[in-house]
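This report refers to the structure that appears directly beneath it.
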Number of protein chains: 2
Amino acid sequence: MTATKIDGTAIARRIRESLSAQIKKRQETDPEFKPSLTIIQVGDKPDSSTYVRMKLKAAEEANIICNLVRYPESTTESELLGHINRVNNDPSVHGVLVQLPVPPHISELAVTSAVADEKDVDGFGVVNIGKLAKRGGKPLFLPCTPKGVMVLLQESGVNLKGKNAVVVGRSDIVGSPISYLLKNADATVTVCHRQTEGLEDFTKRADVVVVAIGKPNYIKGEWLKPGAVVIDVGTNYIPDGSKKSGQRLVGDVDFDSAVEVASQITPVPGGVGPMTVAMLLQNVVDSATNYFEREKARKF
Amino acid sequence: MTATKIDGTAIARRIRESLSAQIKKRQETDPEFKPSLTIIQVGDKPDSSTYVRMKLKAAEEANIICNLVRYPESTTESELLGHINRVNNDPSVHGVLVQLPVPPHISELAVTSAVADEKDVDGFGVVNIGKLAKRGGKPLFLPCTPKGVMVLLQESGVNLKGKNAVVVGRSDIVGSPISYLLKNADATVTVCHRQTEGLEDFTKRADVVVVAIGKPNYIKGEWLKPGAVVIDVGTNYIPDGSKKSGQRLVGDVDFDSAVEVASQITPVPGGVGPMTVAMLLQNVVDSATNYFEREKARKF
C-alpha cells in the first residue's frame, strides 16, 4: 500500500482563493481595506529573486498590494535598519518582510528583530518567536513555513496529541519553530540535527516526521515507521539530464522508498512549498484586519 | 554500582563565594559598583515567601543589595505594571524579579514581559526567551533553574554533543528553556509531558534525563538507561511522620531506585535547588557589570 499524497498545491490554492474573496467582500463595505506587504531585498541572489517573484505574483492574485524595495548588496546594516524603520512607520503598510538571507556583513537577528512586531508577517522577530516558545504566549504571527506545515497536518486529519513527532533540522526558520508548534499541539517532540547520533533510531519510532535539512533524498523509507506521516520541507535541485533545465527539484526525503512505508506524505514539489506563500498572504491579511480594527477602536 | 551524587550545594556555594569575592575586588577600585536586585512580591503565598527569604539571605551573603517590595493580593495588573515600570527606570537597580506565581487576575506573560530586558534577571521575558529559542540569539540572561542545570552538567563533565537528552515537563520556567539550552549544546532533545504516550520508552533510551513535573518520586529506576545522567528539578513535600515538620522534601525521581541505575544523579534536596539562587545572583552581578560598562562607555 502506498501513502496518500498530501496535496499542498490544492490546499494552498483554496486558502489563497478564500483570502482573495475575503478581501473583496470586506472592500464592498470598507473600500479603505487594502492589505499591503512590503518586501525588502538586499542584493540580487537568484534564488531570492525567484522567491520574491513568487510572492509578488501570489499577492497580486489575492488582491494584496505588494511592493518590492531593492537595495544593493553593499547596503550597510544601519542603512538597512533605517529603511526598515521607515516602512515600520508607514501606516499604509501592514506587513514588512526582509527577504533572507541578507548579505553576511548584516546581522540576520538584528534585521528580523527590527521589523515592528505588529508587521512581522514572517514571524521571525524575537518577540514573536519568544511568544511562540512560551506556552501561554500568543504570537501575532507564526513563521510561514511552520504554520503551513501545521495546516497541512490539520487538513490531513492527523491527530498530534501524545504522538511521537520527530523534527529533523533545527533552523530558526523551519525546524525549531515547527518543534514549538508541535509541542504546543501536545505531541512528544524530538529535534534531531547534524550532531544526532543514530538518526534512524529516532525516525523509526516517529508517528510524524518533519524534515528540513537541505539534503536531497536523505531520509530513506526504511528509516520510517510503517504508517508514519511524513512532511518534507526540503527543496533541493539535483542534476537531471532528462530535463530541459538540466535539473530537478527533490525534497529531503527519498520519496520513492518513503511513499511505500508512510501513510501520508507531502511530495516535492507540490507539498509544503506552496503553503509558505499562502501563509504569508494570510499573515498580511490578518495584520491588515488587526490594523483596521485598531483604527476603528481608536476613532470610535 | 550506585550513581555519583551531583553535589549542587557545594557547586552553588563555590559560585556564590566567587561572586562575593568578585564584587569585593571590584569595589576596591570602583566603590560605586553595588549590584542591586529588587524583588516584587504580590500577595503572601507561604511558598513564595520562603523562596523570597532564601533569595534575600543569599544576596546579602554575596554582598548584593536586595530589596523586597510587597504588594497586596488585590493589586491590579495595571498597578503592578506601573510598579515594575518605576523599578525599570531606577538606575540604582540592576535586576528586577517578580516572584511567581502572580495572583490569577494578573497575566504572568504581561508581567514577565514588562520587566526591562536588561534587568530581566529571571530571563522569562519574551525577548530573552525569544533569543534563547533562536540559534543565533544571545539572551542577556538565561532563566536561573535551566542555567543551573546546564552548569551542573558541565561541572559533572557530561558531554552533551549528539547525546540523547530527554526533558520531562514543558513549563515555561524549567522544561522548555532547558530543552532549548540542550539543543543549543548539540544534544538530540525530546520534550515529554503529560500527554506523552509511553514515557518510559523515551526515558529508557536517554543518556541524560531532566525531570521537572512536580510529581513526587514519579520516575523509577527501571525507566532509566543504565549509566544515564539524571537531573531532578522536582521539589515536592510528602507526609513523613518521622520528621518533626511531618513532611519531607523529595524530587520527581524515585531516588532510591534511580541511584542504582544512573551514573550521576542530583539529590533532592541538595541538587538543582541551590543552583537556582546562585544563578540568580550571577545574573544580577552580570547585569550590574553590564550597566557599569555601559555607563563608563557613555561618560568616556
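FYI, it's all coordinate maths here, none of it is from the lab. Predicted model only: the values in this text are computed from it and were never measured. All Cβ positions, glycine included, derive from the backbone under ideal geometry; neighbour counts span all protein chains shown.
Here are some notes:
- A straight line joining the Cα centroids of segment A:156-221 and segment B:127-190 runs 18 Å.
- Remark: mean inter-chain Cβ contacts per residue of B:132-143 equal 4, using a 10 Å Cβ-Cβ cutoff to other protein chain atoms.
- Here the ratio of the Cα radius of gyration of segment B:250-297 to 2.2 N^0.38 Å is 1.87.
- Among A:L199, A:L181, A:L97, A:L68, the ranking by other beta carbons within 10 Å of each residue's beta carbon, starting with the fewest, stands as A:L68, A:L199, A:L181, A:L97.
- For A:K138, label point 7 Å along C-beta direction: distances to other copies, nm: 3.5
- With the helix formula -39500 (n - 2.57) applied to DSSP H stretches of n ≥ 4, the protein assembly as shown reaches a computed 222 nm mean residue ellipticity of -12500 deg cm²/dmol.
- Loop-located trypsin sites (Lys or Arg not before Pro) in segment A:204-280 (DSSP state not H, G, I, E or B) with no more than 14 neighbouring Cβ atoms inside 10 Å: A:K243, A:K244.
- Two numbers describe the Cα atoms of chain A: Rg and Dmax, which are 19.7, 64 Å.
- Segment A:65-149: Rg to Rh, with Rh as the Kirkwood radius over Cα pairs: 0.97
- Across chain A, the relative contact order, built from alpha-carbon pairs under 8 Å that are at least six residues apart, equals 22 percent.
- Inter-chain Cβ neighbour average for residues A:107-115, partner chain, 10 Å: 2
- For the listed residue pairs A:K161/B:K215; A:K45/A:K119; A:K45/A:K163; A:K25/B:K131; A:K25/A:K161, the alpha carbons are over 29 angstrom apart in A:K45/A:K163; A:K25/B:K131; A:K25/A:K161.
- Segment A:158-165 - phi-based ³J(HN,Hα) in whole Hz, Karplus 6.51/-1.76/1.60, Gly and Pro as x: 7, 8, 9, 4, x, 6, 8, 10
- The orientation-averaged projected area of the convex hull spanned by the Cα atoms of segment B:185-300 comes to 11.0 nm².
- Gap separating the Cα centres of segment B:17-42 and segment A:27-69, nearest whole Å: 52
- With the alpha-carbon atoms of the protein assembly as shown aligned to their principal axes, the span from lowest to highest coordinate is 78, 58, 44 Å, starting with the largest.
- Taking one quarter of the surface of the C-alpha convex hull of segment B:47-191 gives a mean projected area of 9.7 nm².
- Neighbouring partner chain Cβ atoms per residue of A:118-129, average, 10 Å criterion: 3
- Length-normalised contact order of segment B:1-76 in % [C-alpha pairs under 8 Å, at least 6 apart]: 35
- For segment A:26-65, the C-alpha radius of gyration divided by 2.2 N^0.38 Å, with N the number of residues, is 1.48.
- The other copies place their B:S78 label points at 4.0 nm from this one, listed shortest first, where each point is 7 Å from Cα along Cα→Cβ.
- Ordered by the number of other Cβ atoms lying within 10 Å of each residue's own Cβ, fewest first, A:F141, A:F255 fall into the sequence A:F255, A:F141.
- Fewest-first sequence of A:F202, A:F300 by Cβ atoms within 10 Å of each Cβ: A:F300, A:F202
- Relative contact order computed over segment A:159-290 (Cα-Cα under 8 Å; 6+ residues apart), in percent: 20
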